[in-house]
Amino acid sequence: DFPKEVEQEAERIPDKISEKEYAVRRDFRDVTTFTIDPADAKDFDDALSFRVLEGGNVEVGVHIADVTHYVREGSLVEQEARERATSVYLVDRTIPMLPERLSNGLCSLRPNEEKLCFSAVFELDSEANVVKEWFGRTVILSNRRFTYEEAQQIIEGADGDYREEILKLNELARKIRARRFNEGSIAFDREEAKFHLDENGKPLGVYFKVQKEANQLIEEFMLLANRSVSAFIGAKKGKNGKAKTFVYRVHEKPDAEKLARFANFILKFGYYFEARKGRSVAQQMNELMSEIKGKSEENLVSILAVRTMQKAYYSTENIGHYGLAFPYYSHFTSPIRRYPDMMLHRLLAHYLEGGHSVDSEVVEELCEHSSEMEARAAEAERASVKYKMVEFMKDRLGEEFDGSISGVTEWGIFVELADTHIEGMVALRDLSDEFYVFDEEEYAAVGTRTGRKFVLGDRVRSRVKNADLRLKQLDFEMVGSYDAH
């Protein structure tokens, strides 16, 4: 919960837009504007505007909630947001970074309400090249709120509001996306587990979030805004040869040792991965991702591929973003739920007004804190998914399921169920037909008498033996194996 004084301060923030504020902002209220978000979204922190310009080029505005207009530096709300650094999305609840009056009210770009934004506006030609860009504060009026599903239906041929605009934006996004992959961006298509919950938060079913073109449309324009804002500041060097202090989202090159282990592992499935460094890693990774599409080992291989990569983090030192293949990259588009985006909005506003470079040590400290809090949030989110998976399986004790071996350790074999991707462990001591030991070289459990092996990727059938909610752990027992070694 938020401290009472933080909630009270948030309640006192005025919601009326002053005439002075209208006067200093670029007015987009007459330009077609809409949001596209998940069906269950409560806060809308980004909107797109679209208009055709004279001469045939189009203008696309990426409008982001102007959180820093409402959350003043040094205020209690600001201090609380800085401490939290991120919103946390657990399966059955959200722990927001900002009080609800801001996240779901004042700053949320709800339809038919005038809203203050910080915007990145692009003029694009027919090939989706940026001809001109502008960054600054705006006022918008969203005409419509779309869910991803509604926008997707229009993309797939259905009739609907702003059909022409959505189709044109999608056509541009496709071109930007194709160019991005051409330039070395890596395409990790991870399946994200979601749950159907009853009114008490009990999981009734597991399903997987599918990334379709409507999601990609939004993603491409957000990436365009993030990289453009970052390059706008980062590419300009001062007299001292240094760029102004800024908040970058950076991602280092993969570690050669991790890549070697990954290459060795996927060899078991018949895939070759020879790249050890440079951009060729990205190229081979993309080829591998398309090769495994739809195969039974797809989820396992893509999870391990992601683990092979370094973790992205926030820093004042720009080393580029390897996974996206961007020389400059920052987070600008989600200030309702990420503190680094708020930091960036403040810095960008300061520099647009001609301000001098700020103290990098102060900013770096906040970057480190934000990176730490992001890692903690990700851990909590994973634990929350695990907890709900165990809760879901609690009612299925004794039932049998098909799956595949997703990991082997000295004490057990991890099995991932085919339909739900829920993972449990078969203890080696529970395998009654033989005495098995862990072979590190082979990454397998090997029988000491017969030499029978259980290897990563093997298809097996297992029974749910125990579900421990406290430990977030599932115990399986082996019923049968389809792959004999």
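The values are calculated or read from the model by the stated rules, or taken from the named source; none is laboratory data. The structure displayed is predicted, hence computed values, not measured ones. Using ideal geometry, Cβ is built from the backbone for each residue, glycine included, and neighbour counts are taken over all protein chains shown. Keep in mind that these areas ignore ligands, DNA and RNA; they rest on the heavy atoms of the full protein, side chains included. Shrake-Rupley method; radii C 1.70, N 1.55, O 1.52, S 1.80 Å.
Out of the stretch 155-179, which residues are buried (at least 18 other Cβ atoms within 10 Å of the Cβ) and either of a type in the set (Gly, Ala, Ser) or at pLDDT below 95 (or both)?
173 - this is the single residue of the stretch 155-179 that is buried (at least 18 other Cβ atoms within 10 Å of the Cβ) and either of a type in the set (Gly, Ala, Ser) or at pLDDT below 95 (or both).
Suppose we filter the stretch 316-346 for residues that are closer than 13 Å to residue 64 by Cα, of a type in the set (A, V, I, L, M, F, W, C) and either open to solvent by 30 Å² or more (accessible area, probe 1.4 Å) or outside any loop (DSSP other than H, G, I, E, B) (or both); how many remain?
So the answer is 2.
I'd like to check something: does the stretch 118-133 contain any residue that is under 23 Å from residue 350 (Cα atoms) and open to solvent by 10 Å² or more (accessible area, probe 1.4 Å)?
Start the filter on the stretch 118-133 by keeping residues that are under 23 Å from residue 350 (Cα atoms), which leaves 118-122, 132-133.
If we keep only those that are open to solvent by 10 Å² or more (accessible area, probe 1.4 Å) as well, we get 132-133.
Yes: the stretch 118-133 contains one or more residues that are under 23 Å from residue 350 (Cα atoms) and open to solvent by 10 Å² or more (accessible area, probe 1.4 Å).
Restricting attention to the stretch 262-289, and to residues there that are open to solvent by 70 Å² or more (accessible area, probe 1.4 Å) and in contact (Cβ under 8 Å) with a residue 24 or more places away in the chain, which single residue is nearest to residue 416 (Cα to Cα)? Can you show your working first?
Within the stretch 262-289, the subset open to solvent by 70 Å² or more (accessible area, probe 1.4 Å) is 264, 267-268, 272, 274, 276-277, 279, 283, 287.
Filter once more, so that each one left must be in contact (Cβ under 8 Å) with a residue 24 or more places away in the chain: 268, 277, 279, 283.
Values: 268: 17, 277: 31, 279: 32, 283: 28 Å.
Ranking the qualifying residues of the stretch 262-289, first place goes to 268.
Restricting to helices (runs of 4 or more DSSP H) lying wholly in the stretch 1-102: which have 1 or more residues that are hydroxyl-bearing (Ser, Thr, Tyr)?
On the way: elements: 4-12, 19-23, 67-70, 76-84.
The helices (runs of 4 or more DSSP H) meeting that bar are 19-23, 67-70.
Being touching a strand residue (DSSP E or B) at 6+ places or on another chain (Cβ under 6 Å) and without any contact (Cβ under 8 Å) to a residue 60 or more places away in the chain is the filter here; which residues of the stretch 116-133 pass it?
Across the stretch 116-133, the qualifying residue is only 132.
Please identify the pairs in which a residue from the stretch 457-480 that is touching a residue at least 40 places away in the same chain (Cβ under 8 Å) has its Cβ atom under 7 Å from the Cβ atom of a residue that is open to solvent by less than 10 Å² (accessible area, probe 1.4 Å) and polar (S, T, N, Q), counting only partners at least 6 apart or on another chain.
Qualifying pairs under 7 Å: 476/462; 477/462; 478/462; 479/462.
Working carefully through the options 210, 247, find the one that is within 26 Å of residue 329 (Cα to Cα) and touching a helix residue (DSSP H, G or I) at 6+ places or on another chain (Cβ under 7 Å). Outline the logic, then answer.
Numbers: 210 fails: touching a helix residue (DSSP H, G or I) at 6+ places or on another chain (Cβ under 7 Å).
So the residue among 210, 247 that is within 26 Å of residue 329 (Cα to Cα) and touching a helix residue (DSSP H, G or I) at 6+ places or on another chain (Cβ under 7 Å) is 247.
Limited to the stretch 347-382, what total is found for residues that are assigned to a helix (DSSP H, G or I) and either at pLDDT below 95 or open to solvent by 50 Å² or more (accessible area, probe 1.4 Å) (or both)?
As a first pass, look at the stretch 347-382 and keep what is assigned to a helix (DSSP H, G or I): 347-352, 360-382.
Among the residues that remain, those that are also either at pLDDT below 95 or open to solvent by 50 Å² or more (accessible area, probe 1.4 Å) (or both) are: 350, 352, 360-362, 365, 368, 372, 374-376, 379, 381-382.
Final tally of qualifying residues: 14.
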